[in-house]
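See structure below.
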Amino acid sequence: MMSLSLVRPWSLLLIAGVALAAAPAHAETLLRLSETATVMEHPDELDATLRVDVTAPNPAQAQRQVNATMEAALATAKAVSGVTVSTGGYFVWRVGPTASVVPEHWQANQSLELTSHDGAALLKLVGDLQQKGLAVGQLGWRLSEAATRTARAEATRKAIAALRGRAEEAAALLDLRFGSFKEVNLDSTRPQPIPRMMAMAAPVASASASPPSAEATDVSISATAEADVVLLPK
């Protein structure tokens, strides 16, 4: 004898509901985008490197002359407000005797590092130190660490805003809506080095000579924002 199984109407509704719940929802769309923004900043810090160069018949005399010149230079530099002063390497070496260098002699040098946000004051100081026998090795403007951080933050803000704008545009073109960002990567560039003026190796001889010049040019700071953009159905 055959048995007949009956399915009640409410059971059909339950089965249909389970089937609908198990059906996958509309899949999200992932879109990878990248945007780079650049800001221009004016250098705010002047950096100078000077050095004392001495030639003497023996090392003791060479060192005494370097020490005396540097001591006077430090006193002059520290008297200028707003200038950061530090000394660099100290070197003493023998030259000769050779066929072209007779008799032998000794050379010594030491560098002096100066930094200031007040360009006019630092340039005047450099000119004064040239009169005292120091030679300028490097002189140029740069972006300070604080200014670099501020510029990098602004570039990053602009890059993220541009990325969000592109995500919104892409969603509209695809008839979707912006959902969220995921796996966001942020990167930024260091400021490009500013070419520094190479000064004369010999000190300025004239007491009335004007101080050196150093003109600053804007530097660029860039930041890149890259992310997977989640687009959802409308």
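Under the condition of being out of contact with any helix residue (DSSP H, G or I) (no Cβ under 9 Å at 6 or more places or on another chain) and surrounded by fewer than 18 Cβ atoms within 10 Å (Cβ to Cβ), the residues counted in the stretch 122-136 number 3.
Determine whether the stretch 164-177 contains at least one residue that is under 18 Å from Thr38 (Cβ atoms), modelled with pLDDT under 95 and either assigned to a helix (DSSP H, G or I) or in contact with a strand residue (DSSP E or B) (Cβ under 8 Å, 6 or more places away or on another chain) (or both). No: the stretch 164-177 contains no residue that is under 18 Å from Thr38 (Cβ atoms), modelled with pLDDT under 95 and either assigned to a helix (DSSP H, G or I) or in contact with a strand residue (DSSP E or B) (Cβ under 8 Å, 6 or more places away or on another chain) (or both). Is it fair to say Ala223 is surrounded by 11 or more Cβ atoms within 10 Å (Cβ to Cβ), modelled with pLDDT of 95 or more and not acidic (Asp, Glu)? Criteria met by Ala223.
Of the residues Glu104, Glu71, the single one that is modelled with pLDDT of 95 or more, within 29 Å of Gln130 (Cα to Cα) and not small (Gly, Ala, Ser) is Glu71.
Within the stretch 32-64, work out how many residues are among the basic types (Lys, Arg) and either farther than 30 Å from Arg157 by Cα or out of contact with any strand residue (DSSP E or B) (no Cβ under 8 Å at 6 or more places or on another chain) (or both). Final tally of qualifying residues: 2. With respect to the stated conditions, Thr115 is at pLDDT 95 or above, not in a helix (DSSP H, G or I) and not charged (D, E, K, R). Comparison of Leu12, Leu30 shows that the only residue that is at pLDDT below 60 and either aliphatic (A, V, I, L, M) or surrounded by 15 or more Cβ atoms within 10 Å (Cβ to Cβ) (or both) is Leu12.
Give Leu112, Leu143 a once-over and let me know the one that is under 20 Å from Val80 (Cα atoms) and either outside the structural domain of Leu186 (by TED's automatic domain parsing) or buried (at least 19 other Cβ atoms within 10 Å of the Cβ) (or both).
One residue alone meets the criteria, Leu112.
Listed by position, the strands (runs of 3 or more DSSP E) inside the stretch 28-111 whose residues that are without any contact (Cβ under 8 Å) to a residue 40 or more places away in the chain and touching a helix residue (DSSP H, G or I) at 6+ places or on another chain (Cβ under 6 Å) number at least 2 are 83-95. Please go through the stretch 98-124 and give me each residue that is of a type in the set (A, V, I, L, M, F, W, C) and under 18 Å from Pro43 (Cβ atoms), ordered by number. Within the stretch 98-124, Leu114, Ala120, Ala121, Leu122, Leu123 meet the criteria.
The values are calculated or read from the model by the stated rules, or taken from the named source; none is laboratory data. Here the structure is a predicted model, which is why all the values come from computation and not from measurement. Cβ atoms come from the backbone with ideal geometry, glycine included; neighbour counts cover every protein chain shown.
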